[in-house]
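S.K.: Please see the structure below; I have some questions.
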Amino acid sequence: MASRLVSKETQFIASLFEVPREIGEASQSEFLGLIASRCAEWFGASTVSFFLAEDGSNKMTLAATGGEPSSIPERATIELGVGIAGIAAQDGVPVLIDDGDYDPKFRTLLGKGRRPLVSSMVVPLASRDGCLGVLNLSRAQGKSKFSQTDLRLAKGVAGHLSLAIDNARLVASLQEALRQNEEERAERDRLNRLAEIGQMTAAIAHEIRNPLTGILSAAQMIREAPEDSLEFARIIEHEAIKLNELCGDFLGFARPVYTSTQPLNLAETIQRVARLMGPQFRAKDVRLDVVIDRNLPMIHGDPLHWEQVLQNLMLNALQASEAGGKVSVGASPSGLWVEDEGCGMSEEQLERLFSPFFTTKPQGTGLGLSNAKKIVDAHGATISVNSRPGSGSRFLISFSMEKAA
């Protein structure tokens, strides 16, 4: 008998795992409703109901039903310690009830107005934290009464169901926590975007204000000293050109990067940019070293774009360097780099380094490194930075293998 009981319980528990995967995303009531239907089928029950405990309350509320259409009120409750079901739940002891043992309230909950009940089982659902609820199974007139064997089987099944419900609640709690974290992350991202927009607006206003101030001053001087109007007209023209270049920078940042790829000799590109920027390095008394591996492969890329990247990185290194310092630029099969011995950067600065309009310098729009990263990304390459305050910085651009010619 015991082996048959174990076999029957094993078969039933196995059948519960045949629930379709999509039910895992359904509500708890849908899941319990399916289990209640399985219980009605396996135990030959007329009606099955789950009552689950409410948090911070001594009441259990109807969560799901199965079997024949139920007349149990939608928000029916059972109070712990009250009536047969309440006492069974409180004590954690399953109860087998025959037709003469019902109390009026329990009979009402199991099927008022239906065929008279001849037998019922009340099986507590317990967890380590206390009572989860109760599983009620009843048979109406015309069916045989539940046996002690049925009660033992129901008790074993209830243990597995309690674990499943506990796990489902834990998963639901984790999903809620993840949802809240996602909402918090989205809110942080929104605030960060607003902060970036504010920073961008301030940067644009600052950069535009200086040329406008020069234009206004020159216009006022023309009115006060018309004889010097030619000189002040040149100032107005110069400041207007600066404004036009600023607008070009801002528009260039907003536009996507379109690359015209062709075989590119990095060694020639580096040497050309080094010659172009040589006078700026000499003017600041900063040595510029060019180191190029003889085994450097050709790559596919846009020559003008890579010149722009190198100019931005080398200018950034020059501005970080003091007189007497050194900047190295070079390339090897692993990529190209620009390294300086300057002031270095903090962790906070590194995190924001490629953000638009972020700059640590009193002059500049903060678009140089941001634009450089856009170009690097558009070529399928990656850029990384290694830096510490007072120890200089090293920018490394790595190319994917398919970009090599």
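S.K.: Yes or no: ALA126 surrounded by 11 or more Cβ atoms within 10 Å (Cβ to Cβ), aliphatic (A, V, I, L, M) and within 16 Å of ALA36 (Cβ to Cβ)? Quick ask: steps written out before the conclusion?
M.R.: On the way: surrounded by 11 or more Cβ atoms within 10 Å (Cβ to Cβ): yes; aliphatic (A, V, I, L, M): yes; within 16 Å of ALA36 (Cβ to Cβ): no.
Spelling it out, it is not the case that ALA126 is surrounded by 11 or more Cβ atoms within 10 Å (Cβ to Cβ), aliphatic (A, V, I, L, M) and within 16 Å of ALA36 (Cβ to Cβ).
S.K.: Could I ask something else about it? Being surrounded by 10 or more Cβ atoms within 10 Å (Cβ to Cβ), modelled with pLDDT of 80 or more, in contact with a helix residue (DSSP H, G or I) (Cβ under 9 Å, 6 or more places away or on another chain) and not assigned by TED's automatic domain parsing to the domain that holds LEU32 is the requirement here; does ILE204 meet it? Lay out the reasoning, then the answer.
M.R.: Numbers: surrounded by 10 or more Cβ atoms within 10 Å (Cβ to Cβ): yes; modelled with pLDDT of 80 or more: no; in contact with a helix residue (DSSP H, G or I) (Cβ under 9 Å, 6 or more places away or on another chain): yes; not assigned by TED's automatic domain parsing to the domain that holds LEU32: yes.
Answer is no for this residue.
S.K.: Where residues in the stretch 356-389 are at pLDDT 85 or above and within 18 Å of SER321 (Cα to Cα), which of them is nearest to the chain's Cα centre (by Cα)?
M.R.: Checked the stretch 356-389; the qualifying residue nearest to the chain's Cα centre (by Cα) is VAL385.
S.K.: Do the conditions hold for LEU313, that is, is it assigned to a loop (DSSP other than H, G, I, E, B) and touching a helix residue (DSSP H, G or I) at 6+ places or on another chain (Cβ under 7 Å)?
M.R.: Numbers: assigned to a loop (DSSP other than H, G, I, E, B): no; touching a helix residue (DSSP H, G or I) at 6+ places or on another chain (Cβ under 7 Å): yes.
Considered against the rule, which asks whether it is assigned to a loop (DSSP other than H, G, I, E, B) and touching a helix residue (DSSP H, G or I) at 6+ places or on another chain (Cβ under 7 Å), LEU313 comes out as no.
S.K.: Just checking, which of GLN11, GLN90 is part of a helix (DSSP H, G or I), over 20 Å from ILE165 (Cβ atoms) and modelled with pLDDT of 60 or more?
M.R.: Values: GLN90 fails: over 20 Å from ILE165 (Cβ atoms).
Unique residue meeting the criteria: GLN11.
S.K.: Tell me, yes or no, whether the stretch 94-109 has at least one residue that is at pLDDT 85 or above, out of contact with any strand residue (DSSP E or B) (no Cβ under 6 Å at 6 or more places or on another chain), farther than 19 Å from LEU151 by Cβ and surrounded by 15 or more Cβ atoms within 10 Å (Cβ to Cβ).
M.R.: Within the stretch 94-109, none of the residues are at pLDDT 85 or above, out of contact with any strand residue (DSSP E or B) (no Cβ under 6 Å at 6 or more places or on another chain), farther than 19 Å from LEU151 by Cβ and surrounded by 15 or more Cβ atoms within 10 Å (Cβ to Cβ).
S.K.: Could I ask something else about it? Which of the residues that make up the stretch 275-310 are assigned to a helix (DSSP H, G or I), under 24 Å from PRO333 (Cβ atoms) and of a type in the set (S, T, N, Q)?
M.R.: Scanning the stretch 275-310 gives a single hit, GLN308.
S.K.: Next up: Among the residues that make up the stretch 170-182, is at least one of them within 26 Å of GLU54 (Cβ to Cβ), acidic (Asp, Glu) and touching a Ser or Thr at 6+ places or on another chain (Cβ under 6 Å)?
M.R.: no
S.K.: Please find, within the stretch 141-157, the residue that is farthest from GLU41 (Cα to Cα) out of those that are surrounded by 13 or more Cβ atoms within 10 Å (Cβ to Cβ) and more than 53 Å from the chain's Cα centre (by Cα). It would help to see each step written out before you state the result.
M.R.: From the stretch 141-157, those surrounded by 13 or more Cβ atoms within 10 Å (Cβ to Cβ) are 143, 145-146, 149-157; that's our starting set.
Remaining after also requiring more than 53 Å from the chain's Cα centre (by Cα): 143, 145.
Working: LYS143: 13, LYS145: 15 Å.
Here the residue is LYS145.
S.K.: Determine which single condition VAL329 fails, assuming it passes every other condition in (1) at pLDDT 90 or above; (2) surrounded by fewer than 21 Cβ atoms within 10 Å (Cβ to Cβ).
M.R.: (2)
The values are calculated or read from the model by the stated rules, or taken from the named source; none is laboratory data. Everything numeric in this text was worked out from a predicted model, so none of it was measured. Positions of Cβ are backbone-derived with ideal geometry, glycine not excepted, and every protein chain shown enters the neighbour counts.
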